[in-house]
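Below: one structure, written as structure tokens.
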Amino acid sequence: MPLELDIGAKIRARRLSNHQTLKQLAEKARCSSAYLSQIENGKVSPSIASLKKIADALQAKITDLFLESVPDEPVVVRPDQRVLISLDRWNAEIWSMIADPKNKRMHPFYTIIQPGGGSHGSYSHVGEEFGIVLKGQLEIDLDGVAHLVKENESFYYSSSQPHNWTNPGSSETIVVWVISPPTF
């Protein structure tokens with residue numbers, strides 16, 4: 001099953017468990033019912049900004065739509081145990097470096113961003129973000145001000161500022177990214 005269809009099914013299930021109609025959720029998420037229907041049916045891939053609005057309207061986090069609750073969190077998480085939190089449109093792989101962010105104070109991600117990949121729109125949430133670019137470069141736009149972060153440089157900002165990010169380079173970018181508290 002394509003990931004987009006899986007996310008769409010999870011959005012639909014959560015919407016129905018919240019006793020929301022498609023129209024009600026679309027209004028809360030500030031998008032059209034037709035667009036939301038296409039997402040739920042796996043026909044389109046939402047941007048991170050759009051998915052954040054939908055998750056907020058569902059009273060959830062983006063990661064709630066990807067991760068399952070884990071009763072016994074391992075101390076060591078191998079690369080093959082990471083969970084992918086990504087959709088095709090993002091042109092980025094966002095790997096959760098912990099199995100379950102519930103009851104945690106931070107959520108680390110290993111992120112691989114292809115040239116031109118990114119959030120494709122601004123979003124904001126509670127918390128702070130820190131990261132280090134291991135390879136390539138990352139452009140972070142904070143409330144309309146662009147910041148270029150190069151290899152081996154780090155960044156830190158308040159997530160409550162409207163922000164978006166992209167790989168402006170011609171090769172892949174790898175970032176270790178930490179969000180505190182886990183609100184993504």
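FYI, it's all coordinate maths here, none of it is from the lab. Because the structure is a prediction, the values reported are computed rather than measured. Here the Cβ positions follow ideal geometry from the backbone for every residue, glycine too, while neighbour counts run over all protein chains shown.
Counting each pair of different Cα atoms once, what's the Kirkwood radius of the chain in Å, rounded to one decimal?
It works out to 16.9 Å.
How many angstrom lie between the Cα centre of the range 91-152 and the Cα centre of the range 4-24?
Taking the Cα centre of each part, the range 91-152 and the range 4-24 sit 26 Å apart.
Taking the Cβ of Lys23 as the center, what net charge do the other residues with Cβ under 14 Å away carry, scoring Lys and Arg +1 and Asp and Glu -1?
+2
Can you sort Tyr156, Tyr123 by how many other beta carbons sit within 10 Å, fewest first?
Result, fewest neighbours first: Tyr156, Tyr123.
What number in nm² do you get for the range 3-65 if you take the convex hull of its Cα atoms and divide its surface by four?
3.4
For the range 1-88, what does the relative contact order come out to in percent, with C-alpha contacts under 8 Å and a separation of six or more?
Value for the range 1-88: 33 percent.
With a cap of 11 neighbouring Cβ atoms within 10 Å, and only residues DSSP puts in a loop, list the trypsin sites (Lys or Arg not before Pro) found in the range 1-99.
Arg30
If I take R0 = 25 Å and measure r between the Cβ atoms of Ser32 and Arg89 in this structure, what FRET efficiency does the formula 1/(1 + (r/R0)^6) give, to the nearest 0.05?
That gives a FRET efficiency of 0.90.
Classify the range 47-121 as rounded, prolate or oblate from the Cα gyration tensor: take a ≥ b ≥ c as the square roots of its eigenvalues, call it rounded if a/c is under 1.5, otherwise prolate when a/b beats b/c and oblate if not.
Oblate.
At a temperature of 25 °C and a viscosity of 0.890 mPa s, determine how fast the range 85-160 diffuses translationally according to Stokes-Einstein, using the Kirkwood radius over alpha-carbon pairs as Rh; express D in µm²/s, rounded to the nearest whole number.
Translational diffusion coefficient: 180 µm²/s.
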